[in-house]
């Protein structure tokens, strides 16, 4: 097995570096130029054509274009893109000559990105962040490691939810223990990162938000390290930002059907177009429905999602967008994904399809709704303002399985079921202004804004029921009975209001915050050298688990430096701080303080072949103070925490993604992470300075390579192959034991065929049929637990564009 891994990895890494190209020069007319936006930034993906001829092209990431033609005399060049007025310029040309013609279009780079955000970029490289990150600059100029998972990569890899293999596209990202597909729980740089949607922090509790269905997702942005000054409350290790699909102004549609093993049946629809002749009123409508089984008995995850969006261009300067999303999930008990094995054994001591889930247990039902209103207004060509409000409502009625007793050495245990009804409500708002100005020889990119938010989470987890009985009625993992449990099914009190039940169970959490921030990016030497100076002041009040509200405020500074060695290469350095409110309850009544963190980072970014593909490497160190960790001296059902002290995460990350050659797309990355305890708080006896922290893998490597044949009989036929490799895993997150998780290696491969209208994709996941899992030792039940992944399985999708 080790030899197979090495050969596969060496092959893919070697292949990723190959590129062959040639250029042939002839006697013709060459027209080159650059298209910029009204705020002076490159305008990529803008069409430049010769009027009345088939000759034309699209601008690259730097706004550059090149057209070759053989005619002479007078011609007219036209520049056009969705949402902007067409421009034209007449020139006279002669054979054998090269002409330069630049254009400036009357639209800001942010507006252009909004208009084109849902267009298929054609490869895995995204060059600019979404407007929801509030940064009006190309990614290569931003002094921070930001990785974007494009819609093209999501489609090629058949990712259908946030928990469905998405993280292979980002260096150092792993998933921790989780309740199935309930929430994503991604760890990066040594700890769990925050979940954002359209620039808002949508985390109301440790167990959320609900995993997004990919039908309404355009792309996902991973921000490495803190960026709390611009993204509400941000974690020192980073965050991910889910960007939803918006109207493009094109009239188009796409329908996709997907089937897979273990009873996966899925359909999705994407409609995009105009609601009036003028094109000022646009719409986008996405919907999906699926049924999905499991390799374990009695498990299922059935869902549907609906996401209509409407935008209205009030005038040339003002645009309003309204968006609604509804996700509904009907899934088996969320704790059924866990399997417990006796301590004399080890991880994976039971068959991969083993389950403790009895037939007939009531499912968990979740209704997740969001309402977003966004308004953008151009003050003038250099300044614009964005205001948006977000309302989120999450309603869950269900249960979670968890053992009610210790496991005996011969594999006997009493299974338990706890109620898990929850209601989460969030009202969030943002107003921010972007602008550009010049003072002498210095250029300024200004960002100033405010954030406000109120979050409430109520949960009843205080009722429990033992499915099995003692003295002969226990569940036997070696001879499992998945029929009616010996002690019957639970009957929970749902007549009493959830507010009253949550108060009794200590399941109430609340947070309100407000913040103000300012950033100035100063550009020197024609913007080749950029100095970022920023700061944020945040005030927050938070309570959790029945504890009294805690109030805190903090100023977090940010200093960044970015130097464009040339127009394709940039070096950067960053110092940033984070301020993250946290919820918890300390057994001795101690005060819960917010997490504060420091990030120091240096890196190198480079765009290759005019932005067709990109590489980045970063080295970082993050210090975290005041972080809570589950109290190992108390049962987890009591939800007590202790203050760990200080921990540090250090590492190096490398990413490459994009189109290396016509038809050849690649995502590849590697990360080394080392997270350890550097200080221990008074009273903490379970950790010592130098102890490893848990929740990450020391080494992660991923690759996904896809190639489509460009010509000949097999034109449009393609193949893909990819792997995920984790070694020196430290993803346990309850108790330390002498038994460590083994290395993890997953190999996937696929075939596809596509043209302008039709795409057929077939991927075989877990090609080597490895027994893959995550888990930990759990002293309170004297058992190892783990969650196994799906065995080798095939997934087939057929998509049609119209």
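Take residue 293 and tell me if it is surrounded by 20 or more Cβ atoms within 10 Å (Cβ to Cβ) and over 22 Å from the mean Cα position of the chain (by Cα). When the stated conditions are applied, residue 293 does not pass them.
The single condition among (1) under 30 Å from residue 799 (Cα atoms); (2) in contact with a strand residue (DSSP E or B) (Cβ under 7 Å, 6 or more places away or on another chain) that residue 337 does not satisfy is (1). For the stretch 579-592, the count of residues that are buried (at least 18 other Cβ atoms within 10 Å of the Cβ) and over 30 Å from residue 207 (Cβ atoms) is zero.
Only a single criterion out of (1) under 30 Å from residue 477 (Cβ atoms); (2) surrounded by 16 or more Cβ atoms within 10 Å (Cβ to Cβ) is not satisfied by residue 394, namely (1). Looking at (1) surrounded by fewer than 17 Cβ atoms within 10 Å (Cβ to Cβ); (2) in a helix (DSSP H, G or I), find the lone condition where residue 502 falls short. For residue 502, the failing item is (1). Being assigned by TED's automatic domain parsing to the domain that holds residue 696, closer than 21 Å to residue 260 by Cα and either in contact with a strand residue (DSSP E or B) (Cβ under 6 Å, 6 or more places away or on another chain) or assigned to a strand (DSSP E or B) (or both) is the requirement here; does residue 768 meet it? Answer is yes for this residue. Which of the residues spanning the stretch 704-749 are free of Cβ contacts under 8 Å to residues at least 60 places away in the same chain, in a strand (DSSP E or B) and either more than 23 Å from the chain's Cα centre (by Cα) or not assigned by TED's automatic domain parsing to the domain that holds residue 790 (or both)? Within the stretch 704-749, 707, 708, 717, 718, 719, 728 meet the criteria. Residue 273 falls short on exactly one of the conditions (1) in contact with a strand residue (DSSP E or B) (Cβ under 8 Å, 6 or more places away or on another chain); (2) part of a loop (DSSP other than H, G, I, E, B); (3) assigned by TED's automatic domain parsing to the domain that holds residue 630; (4) at pLDDT below 95, and that condition is (2).
Taken residue by residue, the stretch 464-484 has at least one member that is surrounded by fewer than 16 Cβ atoms within 10 Å (Cβ to Cβ), touching a strand residue (DSSP E or B) at 6+ places or on another chain (Cβ under 8 Å) and farther than 30 Å from residue 138 by Cβ.
Filter the stretch 381-404 down to the residues that are over 30 Å from residue 329 (Cα atoms) and touching a strand residue (DSSP E or B) at 6+ places or on another chain (Cβ under 8 Å), then identify the one that is modelled with the lowest pLDDT. Checking each candidate, the answer is 382. Taking residues in the stretch 48-63 that are part of a strand (DSSP E or B), and partners anywhere that are surrounded by fewer than 19 Cβ atoms within 10 Å (Cβ to Cβ) and at pLDDT 80 or above, the pairs with Cβ atoms closer than 6 Å and at least 6 places apart or on different chains are 49/78; 58/47.
Of everything in the stretch 708-725 that is over 16 Å from residue 666 (Cα atoms) and surrounded by fewer than 19 Cβ atoms within 10 Å (Cβ to Cβ), the residue that is modelled with the highest pLDDT is 717. Checked against the criterion of being over 30 Å from residue 577 (Cβ atoms) and in a loop (DSSP other than H, G, I, E, B), the stretch 227-240 has no qualifying residue. Of the residues in the stretch 341-357, not one is part of a strand (DSSP E or B) and closer than 30 Å to residue 198 by Cβ. In a residue-by-residue description of the stretch 736-758, the property of being touching a helix residue (DSSP H, G or I) at 6+ places or on another chain (Cβ under 9 Å) and closer than 23 Å to residue 410 by Cα applies to at least one position. Among the residues of the stretch 27-47, the ones that are assigned to a loop (DSSP other than H, G, I, E, B), in contact with a strand residue (DSSP E or B) (Cβ under 7 Å, 6 or more places away or on another chain) and surrounded by fewer than 18 Cβ atoms within 10 Å (Cβ to Cβ) come to 2 in all. The single residue among 378, 353 that is in the same structural domain as residue 413 (by TED's automatic domain parsing), over 27 Å from the mean Cα position of the chain (by Cα) and at pLDDT 95 or above turns out to be 353.
Quick grid of which residues meet (1) without any contact (Cβ under 8 Å) to a residue 24 or more places away in the chain; (2) within 26 Å of the chain's Cα centre (by Cα):
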| residue | (1), (2) |
| --- | --- |
| 530 | no, no |
| 534 | no, yes |
| 553 | yes, no |
| 556 | no, yes |
| 559 | no, yes |
| 567 | no, no |
| 580 | no, yes |
| 591 | no, no |
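The values are calculated or read from the model by the stated rules, or taken from the named source; none is laboratory data. Fair warning: this is a prediction, and the values are worked out from it, not measured in the lab. Reconstructed Cβ throughout: ideal geometry from the backbone, glycine too, with neighbour counts over all protein chains shown.
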